[in-house]
Amino acid sequence: METNKLQEQNSKKLVRHILKLGENIFQGIKLSVPSEWLTSDMTVAQLRILLYLYTDGPSRMSIIASSIGIAVSTATGIVDNLVKKGLVTRSADPEDRRLVICSLSPPGRDTMSMMWTLGQLQMKNLLHGLSVEELEKVNEVAGILLRNVTSTKNPA
């Protein structure tokens, strides 16, 4: 029992250290954000819905709401605004016309693709200059994290 407690304490300490390193990395990299994004009227909630639709594809409102942890009525209001901005479209579910399917419009897809590309560019910049041995270690860690994400549901 004592060994398990010690391992749990060490695990928590390592997680705190990794989180601190992540914070330091984030502070150390220079984010290149297009100036138009800094003046955008896009809310975090709108970005969350756009990201969900970008990664998971067209979805019903109830699925979107439950996936990002908000009420359906809240999601509906956010999507209304995204439709007005031309970033999301609504269509009837072909199997049940009472249900509405939300999808990214072409401008919405372009916006999210640009964000995704900027994220990948930041990752490339972060990896630039590492030796092959260091890249192999990063690759191993990324594989471990991916395996963990795909095999379990971790608490946030």
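Screening residue 138 on (1) farther than 19 Å from residue 47 by Cβ; (2) touching a residue at least 24 places away in the same chain (Cβ under 8 Å) shows it passes everything except condition (2). Which of the residues belonging to the range 23-48 are farther than 19 Å from residue 117 by Cβ and either modelled with pLDDT of 95 or more or of a type in the set (Asp, Glu) (or both)? Answer for the range 23-48, where residues must be farther than 19 Å from residue 117 by Cβ and either modelled with pLDDT of 95 or more or of a type in the set (Asp, Glu) (or both): 23, 41. Residues that are in a helix (DSSP H, G or I), free of Cβ contacts under 8 Å to residues at least 12 places away in the same chain and surrounded by 11 or more Cβ atoms within 10 Å (Cβ to Cβ) within the range 124-135 comprise 127, 134, 135, listed in sequence order.
In the range 11-25, the residues that are under 21 Å from residue 126 (Cβ atoms) and surrounded by 10 or more Cβ atoms within 10 Å (Cβ to Cβ) form Cβ pairs under 8 Å with partners that are modelled with pLDDT of 85 or more and not basic (Lys, Arg), at six or more places apart or across chains, as follows: 25/126. Of the helices (runs of 4 or more DSSP H) that lie entirely inside the range 36-115, those containing 2 or more residues that are exposed (fewer than 13 other Cβ atoms within 10 Å of the Cβ) span 44-56, 72-84.
The values are calculated or read from the model by the stated rules, or taken from the named source; none is laboratory data. Quick caveat, the model's predicted, so the values are computed rather than measured. Quick reminder, even Gly has a Cβ in these numbers, built from the backbone with ideal geometry, and neighbours come from all protein chains shown.
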